[in-house]
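The values are calculated or read from the model by the stated rules, or taken from the named source; none is laboratory data. These numbers come from a predicted model, not from an experiment. Counting neighbours? That spans all protein chains shown, and the Cβs are built from the backbone with ideal geometry, glycine included. Note: areas computed on protein heavy atoms with side chains; ligands, DNA, RNA excluded. Shrake-Rupley method; radii C 1.70, N 1.55, O 1.52, S 1.80 Å.
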Amino acid sequence: MLADEVAEFIGKSIGNIACEVEKGSIKRFADAVEETNPLYWDEEYAEKSRHGSIIAPPGFFGWPVKLPPGLTFQRPTDIFDPPEVAEGMRIALAKAGYANVLDGGIEYEFFQPVKAGDTLTAKSMIKDIRGREGKMGKMAFVIIETVYCNKKDEPVAIARATAIYL
Amino acid sequence: MAKQIYWEDVDVNHELPPLPKIATTRMLVKWAGASGDFNPLHYDAAFAAAVGVGSPIVHGALKRQWLVQLMTDWMGEQGTLKKFACSYRAMDRPRKMATTATPEEGETWQCKGKVTKKYIDDGQHYVDCDIWIENGKGEVTTPGTATVILPSRG
């Protein structure tokens, strides 16, 4: 159902970036959601908790800092390394008739909390591309899997985001 | 913080305390800055109209974080969120601002959840939940699921 030119992107790596988890960025993230949990900003409170330090809300994985201007201020998961693979997939999808993209949703598995001061490595790959006929005509579901590891190279979380191309 | 909930306190069909949220244009701008998602679809009315969605829409990932908060508030500090999933099925539109800090009258969203399963695996006390966001009309725009480990009195 999917064109071979699209399917050949399945399994390819699209990203490998380092994200620093800084207290200020955790606070800004929590404030934007209107979180009320002191674990996200009250150092004294967080030190007495079982975590021993400020943690990030599940779903926040820090901010890429070692990138040139222009790359830094976008979603960390939109930063591609090398950029050619993700761009190539988008071009192949557009040629196959899928020119628009929607954020379909996400799933997470969490293994340990993300702590202030951590540096995470986010490795992303194109996990799957599936064609489907839906209400809005033909669609392609692209699953991007990102594995986040801490400084000790222990996985802290896996995210699987669904982008719907139509 | 609310009192800690224990695994023994919940049964299947137990309802989580709803978490009300009000999306505003101001909140979407804050979210753009905090998440790095600067798609003008979420803050530029003319752009949103030009790409065919009518007016700016709430970021799916912001709705995701509302549902994460629903779970982490409920499970308490001794709880652990293990799995989480949600899908963005319908568009939501933020309230415009009446003053620099307060929104116009309008829609309030409710984040809700219900226990679907409780079980013990490898000595850990798990609870699975269905979770969702209802818009002002009571329609589900963002359904999902979550799995937490709760502390046990046992």
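Please name all residue pairs, on different chains or six or more residues apart, with Cβ atoms under 8 Å, provided the first residue is in the stretch A:10-28 and is free of Cβ contacts under 8 Å to residues at least 40 places away in the same chain and farther than 14 Å from A:CYS149 by Cβ and the second residue is open to solvent by 50 Å² or more (accessible area, probe 1.4 Å) and assigned to a loop (DSSP other than H, G, I, E, B).
Matching pairs, first to second residue: A:LYS27/A:TRP41.
Among the numbered criteria (1) within 7 Å of chain A (Cβ to nearest Cβ); (2) at pLDDT below 95, which single criterion is violated by B:PRO40?
Against the list (1) within 7 Å of chain A (Cβ to nearest Cβ); (2) at pLDDT below 95, B:PRO40 comes up short only on (1).
What pairs come up if the first residue lies in the stretch B:85-100 and is over 18 Å from B:VAL53 (Cα atoms) and away from every other protein chain (no Cβ under 13 Å), the second is open to solvent by 70 Å² or more (accessible area, probe 1.4 Å) and among the basic types (Lys, Arg), and their beta carbons are under 6 Å apart, counting only those six or more places apart or on different chains?
B:MET97/B:ARG26
Looking at A:ALA92, A:ALA140, A:ALA122, which one is among the aliphatic types (A, V, I, L, M), farther than 27 Å from B:TRP132 by Cα and more than 14 Å from chain B (Cβ to nearest Cβ)?
A:ALA92 is the lone residue from the list that is among the aliphatic types (A, V, I, L, M), farther than 27 Å from B:TRP132 by Cα and more than 14 Å from chain B (Cβ to nearest Cβ).
Regarding B:GLU139, is this residue open to solvent by less than 60 Å² (accessible area, probe 1.4 Å) and acidic (Asp, Glu)?
So B:GLU139 fails the test.
Can you find a residue in the stretch A:74-92 that is part of a strand (DSSP E or B), surrounded by 13 or more Cβ atoms within 10 Å (Cβ to Cβ) and of a type in the set (S, T, N, Q)?
The answer is no, given that none of the residues of the stretch A:74-92 is part of a strand (DSSP E or B), surrounded by 13 or more Cβ atoms within 10 Å (Cβ to Cβ) and of a type in the set (S, T, N, Q).
Out of A:GLY24, A:GLY59, report the one residue that is closer than 27 Å to B:TRP66 by Cβ, not in a helix (DSSP H, G or I) and not charged (D, E, K, R).
Step by step, each of A:GLY24, A:GLY59 is checked, and only A:GLY59 is closer than 27 Å to B:TRP66 by Cβ, not in a helix (DSSP H, G or I) and not charged (D, E, K, R).
Does A:ILE54 fit the bill of being among the β-branched types (Val, Ile, Thr), open to solvent by 60 Å² or more (accessible area, probe 1.4 Å) and away from every other protein chain (no Cβ under 11 Å)?
No; evaluated as a whole, the condition is false for this residue.
Which residues, taken from the stretch A:95-119, are assigned to a loop (DSSP other than H, G, I, E, B) and within 14 Å of chain B (Cβ to nearest Cβ)?
Passing the criteria: A:ALA99, A:ASN100, A:PHE111, A:GLN112, A:PRO113, A:VAL114.
For the stretch B:84-134, which residues satisfy the criterion of being in a strand (DSSP E or B), loosely packed, with under 15 Cβ neighbours inside 10 Å and charged (D, E, K, R)?
Result: B:LYS114, B:LYS117, B:ASP121.
Can you pull out every residue in the stretch A:32-44 that is outside any loop (DSSP other than H, G, I, E, B) and more than 9 Å from chain B (Cβ to nearest Cβ)?
Scanning the stretch A:32-44 gives A:TYR40, A:GLU43, A:GLU44.
Residues being touching a helix residue (DSSP H, G or I) at 6+ places or on another chain (Cβ under 9 Å) and over 15 Å from A:ALA32 (Cβ atoms): count how many of those fall in the stretch B:73-97.
Of the residues in the stretch B:73-97, 11 are touching a helix residue (DSSP H, G or I) at 6+ places or on another chain (Cβ under 9 Å) and over 15 Å from A:ALA32 (Cβ atoms).
Kindly evaluate A:LYS138 against the criterion of being in contact (Cβ under 8 Å) with a residue 60 or more places away in the chain and part of a strand (DSSP E or B).
no
Among the residues of the stretch B:5-28, write down those that are out of contact with any Asp or Glu (no Cβ under 8 Å at 6 or more places or on another chain), surrounded by fewer than 17 Cβ atoms within 10 Å (Cβ to Cβ) and not charged (D, E, K, R).
Scanning the stretch B:5-28 gives B:TYR6, B:VAL12, B:ASN13, B:HIS14, B:PRO18, B:PRO20.
Which of the residues spanning the stretch B:34-75 are in a helix (DSSP H, G or I) and under 13 Å from A:PHE60 (Cα atoms)?
B:ALA34, B:SER35, B:ALA61, B:LEU62, B:ARG64, B:GLN65, B:TRP66, B:VAL68, B:GLN69
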